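Visitor: This is the structure I have questions about; it appears just below.
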Amino acid sequence: MSTQRLRNEDYHDYSSTDVSPEESPSEGLNNLSSPGSYQRFGQSNSTTWFQTLIHLLKGNIGTGLLGLPLAVKNAGIMMGPISLLVIGIVAVHCMGILVKCAHHFCRRLNKSFVDYGDTVMYGLESSPCSWLRNHAHWGRHVVDFFLIVTQLGFCCVYFVFLADNFKQVIEAANGTTNNCHNNETVILNPTMDSRLYMLSFLPFLVLLVFIRNLRALSIFSLLANITMLVSLIMIYQFIVQRIPDPSHLPLVAPWKTYPLFFGTAIFAFEGIGMVLPLENKMKDPRKFPLILYLGMVIVTILYISLGCLGYLQFGANIQGSITLNLPNCWLYQSVKLLYSIGIFFTYALQFYVPAEIIIPFFVSRAPEHCELVVDLFVRTVLVCLTCILAILIPRLDLVISLVGSVSSSALALIIPPLLEVTTFYSEGMSPLTIFKDALISVLGFVGFVVGTYEALYELIQPSNAPIFINSTRAFI
């Protein structure tokens, strides 16, 4: 799933999904009319229910979606969609928990809005454990840490995605035709290693992140949304045609690859950071739960359909991104380029999150006349860091799985159930609710540990060489 965080001087939330920069959820906050209220009607810049739904949908569509066909392969053609449905239900339930806890503290503290980090901090302050109450401020630090890891992880994924797609388009250029249906052999013209492609993108991405104004980035956000939408429609148009016999595909994949499925799936579903900003921006926030469930039902159907259809279409040859399996005709080569353009511009939006958390720490310690230089230097270092990490882990599927297992599982599965317990335990909770929350957090932690281990193990000792064969072409 792709994400970004929005912040201004009065509002310090960082959402992990795509919210248009021209619509910062921090603008136009009104005070609560009474301590028990949590309603904000008639704001001049508030979003309608339909606008909120669109933001929710586009915030969950990114590189994670394109990696789901390989995730289904790692789980099995039957186990994959069932697991996606279960993870989707649990992830949405955790989003609902976060909203409920945020509302609780808004009413109790007479605040108009609290973000993810504040909610966790207030939740620890409400804990019956004195040690947790005394160290409640670490709740915000933990959330900020995982937000930084998640967003920089997304940026690493973007480097690998751009390199893989541009490399394939350039190497297959001489064999690209106007015929998208024949399975003729295409002779690749080897150009250079994908790591060199990453380095070639580095200076352009550095210049892109020098744009520090979110409103200036709004045109790039619009361009990215259009190109990715067109590309996604073309991908669906191809994978629904002439689906091969699925009888040879395993219903359940070997258990060893299932943790890789978990990492990719939770990477795609990690949209919990966008929930509170979108809810806060609505004209009528009472409608948000309905919008949340409707939007996530659509997202889950999209994930399951693309994952299953992509795996059915390309079988064992499916790659880390389904775009790498598209035919080498000019129509689908343009799809790869269009989606890559969208990802390129989205990089700056994803980068905004860690930049707004990290850069103020250094700028505040620099002389006033050096603040701009320090700002740009830190931005350059962070982009170079994501490039170096991508070079060290050049396999798209493993980068996605690793980021999902390490950070997305914490934000989406582990923290929210624990937050519910610390928030409401002193007010009385049923044993069933406590058991449910504990079960979700334990399963999330197991996925965190096992998924991270398997991704790292596969990087160190790969069980299979990366697939370079396009299922509609025989590359020589």
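The values are calculated or read from the model by the stated rules, or taken from the named source; none is laboratory data. Because the structure is a prediction, the values reported are computed rather than measured. Cβ placement follows ideal geometry from the backbone for every residue including glycine, while neighbour counts extend to all protein chains displayed. All accessible areas refer to the heavy atoms of the entire protein, side chains included, with ligands and DNA or RNA removed. Shrake-Rupley method; radii C 1.70, N 1.55, O 1.52, S 1.80 Å.
Visitor: So which residues in the range 231-245 are in a helix (DSSP H, G or I) and touching a Leu at 6+ places or on another chain (Cβ under 6 Å)?
Guide: Correct list: S231, I239.
Condition check ((1) on the phi < 0 side of the Ramachandran plot; (2) open to solvent by 20 Å² or more (accessible area, probe 1.4 Å); (3) outside any helix (DSSP H, G or I)) across all residues:
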{"position": "P327", "(1), (2), (3)": "yes, no, yes"}
{"position": "Y339", "(1), (2), (3)": "yes, no, no"}
{"position": "Y347", "(1), (2), (3)": "yes, no, no"}
{"position": "Q350", "(1), (2), (3)": "yes, no, no"}
{"position": "R365", "(1), (2), (3)": "yes, yes, yes"}
{"position": "C370", "(1), (2), (3)": "yes, yes, no"}
{"position": "F377", "(1), (2), (3)": "yes, yes, no"}
{"position": "L389", "(1), (2), (3)": "yes, yes, no"}
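Visitor: Would you point out the residue of the range 109-132, among those that are open to solvent by 10 Å² or more (accessible area, probe 1.4 Å) and hydrophobic (A, V, I, L, M, F, W, C), that is farthest from L411 (Cα to Cα)?
Guide: Across the range 109-132, the extreme among qualifying residues is L109.
Visitor: Select from the range 396-413 the residues that are of a type in the set (A, V, I, L, M, F, W, C) and open to solvent by less than 30 Å² (accessible area, probe 1.4 Å) and list them in ascending order.
Guide: Kept after step one, since they are of a type in the set (A, V, I, L, M, F, W, C), are these residues of the range 396-413: 396, 398-400, 402-403, 406, 410-413.
The answer is L396, L398, V399, I400, L402, V403, A410, L411, A412, L413.
Visitor: Suppose we filter N213, N225, N280, N328 for residues that are in contact with a Gly (Cβ under 8 Å, 6 or more places away or on another chain) and either without any contact (Cβ under 8 Å) to a residue 24 or more places away in the chain or closer than 27 Å to P354 by Cα (or both); which single one remains?
Guide: Working: N213 fails: in contact with a Gly (Cβ under 8 Å, 6 or more places away or on another chain); N280 fails: in contact with a Gly (Cβ under 8 Å, 6 or more places away or on another chain); N328 fails: either without any contact (Cβ under 8 Å) to a residue 24 or more places away in the chain or closer than 27 Å to P354 by Cα (or both).
From the options N213, N225, N280, N328, the qualifying one is N225.
Visitor: Scan the range 278-311 residue by residue and report those that are open to solvent by 10 Å² or more (accessible area, probe 1.4 Å) and among the aromatic types (F, W, Y).
Guide: Y293
Visitor: Kindly establish whether T227 is farther than 21 Å from A71 by Cβ and either open to solvent by less than 80 Å² (accessible area, probe 1.4 Å) or assigned to a helix (DSSP H, G or I) (or both).
Guide: yes
Visitor: While we're on this one: Can you work out which of the residues in the range 246-277 that are assigned to a helix (DSSP H, G or I) and farther than 23 Å from T63 by Cβ is least open to solvent (accessible area, probe 1.4 Å)?
Guide: Checked the range 246-277; the qualifying residue least open to solvent (accessible area, probe 1.4 Å) is L276.
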